[in-house]
């Protein structure tokens, strides 16, 4: 029998795996949409699992209160649905263009 903490840990690893490959999936719009929906639902289920752990007085990774992790899962689920389509939201310096403006002079 799998405990809630083991289930939540597996869900965390799966979410991390999906989040790692979201940039690769963004090359195909349909695959990106599937990955976004999957990540969103996985994070919401993980938040539910963490909430159930709190009701059952279980801990995850030695932390007695899994509620902050559940809140983070909901925040990540909301942000997973943000579809930016390659828009620059950081407005920081692009390391690929730093030296190019100096070379053209």
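Select, from 39, 33, the only residue that is at pLDDT 85 or above and within 16 Å of residue 82 (Cα to Cα). From the options 39, 33, the qualifying one is 39.
Any residue that is on the phi < 0 side of the Ramachandran plot, in a strand (DSSP E or B) and surrounded by 16 or more Cβ atoms within 10 Å (Cβ to Cβ) - is there at least one of those in region 45-66?
Yes, some residue in region 45-66 is on the phi < 0 side of the Ramachandran plot, in a strand (DSSP E or B) and surrounded by 16 or more Cβ atoms within 10 Å (Cβ to Cβ).
The values are calculated or read from the model by the stated rules, or taken from the named source; none is laboratory data. Small disclaimer: the values here were computed from a predicted structure and weren't measured. So basically every Cβ, Gly included, is an ideal-geometry build from the backbone, and we count neighbours across all protein chains shown.
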